[in-house]
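Only one structure is covered here, and it is reproduced in the block below.
What follows is calculated from the coordinates using simple rules that are stated; it is not laboratory data. For clarity, every value in this text was computed on a predicted model and none was experimentally measured. In this analysis, Cβ positions are derived from the backbone assuming ideal geometry, glycine residues included, and neighbour counts consider all displayed protein chains.
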Amino acid sequence: MSDCIFCKIIAGEIPCKKIYEDGEMLAFHDIRPQAPVHFLLIPKKHIKSVMDMEPEDTPLVGRLVNKAQELAKELGCGEKGARFVINAKSDGGQTVDHLHIHILGGRMLSWPPG
Ligand code: 5GP
Ligand code: ZN
């Protein structure tokens, strides 16, 4: 999508601190980190949100979750864990309308969210 920030990052039009990339996904550090480890993992396919996923997207999202786990471990969260967050639409706090998983770790996170 031409006006989507994350599609522009995928296209290389906006720079990012890349962690991982393959043919169908990209991981990069969040520009405003909320924890010592805070990165985003996105599909290259423009899916607006988890609320807009189609059944055909299920295997792709499964692979995203698997890669999120692998990268969280690589970034040092294997022992103490991390939080895997998908905000969806306005009440969910989604500000970028391209499906993304936040991976936050490196400190104890509070619950519930405010
Ligand atoms: P959301 O609120 O939609 O769940 O999360 C969007 C996230 O994208 C926010 O944590 C925000 O800091 C991050 N973000 C927004 N624009 C950019 C950008 O241009 N580059 C990077 N690396 N992160 C961004
Ligand atoms: Zn997009």
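Please go through segment 75-101 and pick out each residue that is away from ligand 2 (no atom under 16 Å from the Cβ), buried (at least 18 other Cβ atoms within 10 Å of the Cβ) and either of a type in the set (Gly, Ala, Ser) or under 26 Å from Met53 (Cα atoms) (or both).
Taking segment 75-101 first, the residues away from ligand 2 (no atom under 16 Å from the Cβ) are 75-85, 90-93.
Now restrict to residues that are buried (at least 18 other Cβ atoms within 10 Å of the Cβ): 75, 77, 82.
Listed by number, the list holds a single entry, Ala82.
Any idea how many residues of segment 32-49 are within 16 Å of ligand 2 (Cβ to nearest atom) and either among the aromatic types (Phe, Trp, Tyr) or assigned to a loop (DSSP other than H, G, I, E, B) (or both)? Spell out the reasoning first.
Just the residues of segment 32-49 that are within 16 Å of ligand 2 (Cβ to nearest atom), to begin with: 40-49.
Filter once more, keeping what is either among the aromatic types (Phe, Trp, Tyr) or assigned to a loop (DSSP other than H, G, I, E, B) (or both): 44-49.
Qualifying residue count, segment 32-49: 6.
Among the residues that make up segment 34-49, is at least one of them within 11 Å of ligand 1 (Cβ to nearest atom), surrounded by 14 or more Cβ atoms within 10 Å (Cβ to Cβ) and without any contact (Cβ under 8 Å) to a residue 24 or more places away in the chain?
no
Can you tell me which residue in segment 1-32 is farthest from the chain's Cα centre (by Cα), limited to those that are of a type in the set (D, E, K, R) and either within 12 Å of ligand 1 (Cβ to nearest atom) or surrounded by 12 or more Cβ atoms within 10 Å (Cβ to Cβ) (or both)? Quick ask: steps written out before the conclusion?
Kept after step one, since they are of a type in the set (D, E, K, R), are these residues of segment 1-32: 3, 8, 13, 17-18, 21-22, 24, 30, 32.
Then drop every residue that is not either within 12 Å of ligand 1 (Cβ to nearest atom) or surrounded by 12 or more Cβ atoms within 10 Å (Cβ to Cβ) (or both), which leaves 8, 13, 17-18, 21, 24, 30, 32.
On the way: Lys8: 15, Glu13: 19, Lys17: 13, Lys18: 12, Glu21: 12, Glu24: 13, Asp30: 9, Arg32: 13 Å.
Here the answer is Glu13.
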